[in-house]
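Quick notes on the structure that follows.
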Amino acid sequence: MILLAVLLLPIYEGATAFTLLNPLLSTSSTTTIGWNSHRNSPLFPRPNDNHNQHKINPTFVLHSTTSPSLSPGIAAIDKVNDEIEGLLCQIRKKPYFRMYSVDMLASCEYFPQEMFECYSSTCEIYPIDEEDIPEDIRTFDMDEHQFELDGWARWDMPSEDYYDTIQYPEEFTGYDGAEIWRFIHERIAFSDDEMVTDTPSLTIDGYDSDSWKADFNKAVSGLHSMISAQIVRGIDKKITAEEEFEDDCAWTDPKVEFERRLSPSGETPQALENLYFTYMLLLSAVRAARDRLLMDCDAGKIDAEAAKSLREVLDYPLLDDDTIDSASKRLHDHAVRDKASLDTLWEARMRTRDLFRVMNCVQCNKCRFHGKIATMGLSTAFQLLLGRSGEGGDVKRVHRVELAALMTTLSKFSTAVKYCREMSASS
């Protein structure tokens, strides 16, 4: 069986891309952001790599940004993230948020691939037994199978095959998803020449232009950062458990990988800033969905045990902290700035659909599974925050699987931020 797995976690294995001015995070005139070249990939080891010798100042890493408006929100997250991360982890244990019907055999539609089988047992996942699928979840998904042709995302059609994120959690598989990320950064993300700015003092670049397209890129980069953090954390856990790596595994040192993938001195200097940016968007989206989620709790659509854990998160003060809104406000203001921005917003919907579908090119089943959940979570956030007009979507039309993916993805980001802070503090 060809394991097309993609947990986005393994997908993240080697990424670099736009060239941006970055005065706050670099002493040079330009720094490399996103995909750059195969030479920056972990598949091409650098002989004189001194990443372990770099020391990271946690305050600088987590609070110095190219977008000063984000700093108060970052500080607010840092104060309480450990606590809310624990609450979100409890939610993820509930069937409503952990069970998804996913097409694991869909073919890649974006570029030709050689048939590849991930020989590591960590890549494999199997459907749960039919009797273990709650009937209400199966009913919700079947009833909500319809979709908008021009919507923000299009989940796989429900089938008898459901997969469990508790049974198959994120972990390091050793899968190299460089080809997937290259396509995402070069083809799905917007290029510099697609950016428009009315602010002369603001440099046109892939992440911080005066355009919703730059915000889209920043959010996708944040998704990449989250997966990078999952990968590094998985390496760390593997070492702690005294598990052996495959002989040909290129990534075995969590400190080296953290420095390379996520630190300001690494391949993507804005990786942590973009991680927080997307985390803020997700928090704002969950707040936008709060009344719908509470309504579903009251109506019994979410079981009592899950509802109890969910209410603790929905009542958490961080969701109502005004500083968290800086990311969503920036996205909104750029989207509704003028007619040209509104008239091109359909491109964001098209690209989030592509972002989800390119997960079918991931040849690691566990990675594909989690990758689809994470991309659906991000697209749901865009749907709630922007909708079609830039003023937000109708939360009543959001499906069970979209709400579950949104909360699961929020949890993934919270855990990633927690781990990055730990790594920064120990460096």
Q: For a label point 7 Å from the Cα of ASP322 along Cα→C-beta, name the residues of region 381-406 whose backbone N is under 16 Å from it.
A: none
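Only Cα pairs under 8 Å and at least 6 apart count here; give the relative contact order of region 270-425 as a rounded whole percent.
Values: 129 pairs, mean separation 47.0, N = 156.
Normalised by residue count, the contact order of region 270-425 is 30 percent.
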Q. Among 364-375, 398-409, 86-97, what's the highest-first ranking by average C-beta atoms within 10 angstrom per residue?
A. 364-375, 398-409, 86-97
(Q) Going by Cα centres, region 340-397 and region 238-268 are how many Å apart? (A) 29 Å
(Q) List the aspartates and glutamates whose Cα sits under 14 Å from the Cα of LYS308, skipping any in the same chain fewer than 8 residues away. (A) ASP296, ASP298
Q. Using 0.36 nm per residue, how much length does the chain from GLU160 to THR139 gain when fully extended, once their Cα-Cα distance is taken away?
A. 6.4 nm
Q) Carbon and sulfur together cover what percent of the accessible area of region 133-277 at a 1.4 Å probe radius? A) 47 percent
Q) Given LYS218/LYS418; LYS238/LYS418; LYS301/LYS329; LYS339/LYS396; LYS93/LYS396; LYS255/LYS329, which pairs have Cα atoms separated by over 29 Å? A) LYS301/LYS329; LYS255/LYS329
Q | Mean shadow area of region 312-427 over all directions, Cα convex hull, nm² | A | 9.7 nm²
Q | Cβ crowding within 10 Å averaged over residues, with 207-215, 385-393 ranked highest first | A | 207-215, 385-393
(Q) Per residue, how large is the accessible surface of region 248-405? Use a 1.4 angstrom probe and give square angstrom. (A) 32 Å²
Q.
Would any residue of region 205-237 have its amide N under 12 Å from a label point 7 Å out along Cα→Cβ of GLU347? List them or say none.
A. 211-217
Q: At 7 Å along the Cα-to-beta-carbon direction for both GLU312 and ILE239, put a label point, then send me their distance in nm to one decimal.
A: 3.2 nm
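Of the accessible area of region 315-389, with the probe set at 1.4 angstrom, what percent is carbon plus sulfur? Present the calculation step by step, with values, prior to reporting the outcome.
Working: 1240 of 2220 Å².
The computed percentage sits at 56.
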Q. Roughly how many Å² of THR66 are accessible to a 1.4 Å probe, to the nearest 10?
A. 40 Å²
Q: Would you list, by chain and number, the lysines whose Cα falls below 16 Å from the Cα of LYS372, excluding same-chain residues fewer than 8 positions away?
A: LYS412
Q) What does region 272-319 give for Rg and for Dmax, in Å, if only its C-alpha atoms count? A) 12.4, 39
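The values are calculated or read from the model by the stated rules, or taken from the named source; none is laboratory data. The structure presented is a predicted model; accordingly, all values stated were derived computationally and were not measured. Neighbour counts are summed over all protein chains in view; Cβ atoms, including those assigned to glycine, are modelled from backbone coordinates with ideal geometry. The area values use the complete protein model at the heavy-atom level, side chains included, leaving out ligands, DNA and RNA. Shrake-Rupley method; radii C 1.70, N 1.55, O 1.52, S 1.80 Å.
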